[in-house]
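Please treat every number below as a calculation from the coordinates, not as lab data. All values derive from a computational prediction rather than experimental measurement. Using ideal geometry, Cβ is built from the backbone for each residue, glycine included, and neighbour counts are taken over all protein chains shown.
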Amino acid sequence: MRHFRSIFLPFVAALSLFTALSASAAVHRVSLISSSETHHITMEAGIPHPDTDEMVYKDLPKHIHSPGYKAFVFDPKRLAWAAYDKYGFRVAHGVANGGADFCEEINEPCRTPVGHFTIKRRGGPDCASSQFPVGTGGAAMPYCMFFKNGCAIHGSPYVAEQNTSHGCIRVLTPAAKWLSRYFLKYGTHVIVLPY
């Protein structure tokens, strides 16, 4: 039975992570399942900029119900990330953007995968893409921290006020350096909220 639970619970956590979305697009209720109980995060969506209708950065909550483990949360609607300790306290946060609705150079959608992941691979300040630019690779991805296939959290000198990446989560380079050094180790939880 224990072996079954150790395999089944992460699967359940991934499937039920985004259950109970409210009828309003402005609020998400997110369920995180640990070995003993269900935890919830309630987050508002980003706020449209009055002049452009673009979503603008808005902080994620300072405290959430404790998931029982460290978690990096990215909200593509808020254009924001936050790092939470195992007690649910926000220890760092900042601006971010994710994958675009559509990438012309590969002729397909390239949104960041939504769900619950863990850090699988990491690179240093010289980390670079093997896929982009298409045909040559080499795009800078300093302090890359991969969580699903070719998708990583990585540094960028500039973070646009809309989701424009090829699926990665871009944060400012000093933030990526801090996350890599102090927070996002192998196995650290990464939660990507819905678009």
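Points worth noting:
- Entry note, the stretch 112-187: relative contact order of 30 percent, from Cα contacts under 8 Å with a spacing of 6+ residues.
- With a cut-off of 13 Å between beta carbons, the residues surrounding K148 carry a summed charge of +3, where Lys and Arg count +1 and Asp and Glu -1.
- Using the Cβ-Cβ distance between H65 and Q162 with R0 = 30 Å, the FRET efficiency computed as 1/(1 + (r/R0)^6) comes to roughly 0.50.
- Cα-Cα separations in the stretch 88-195 greater than 19 Å, expressed as whole percent: 40 percent
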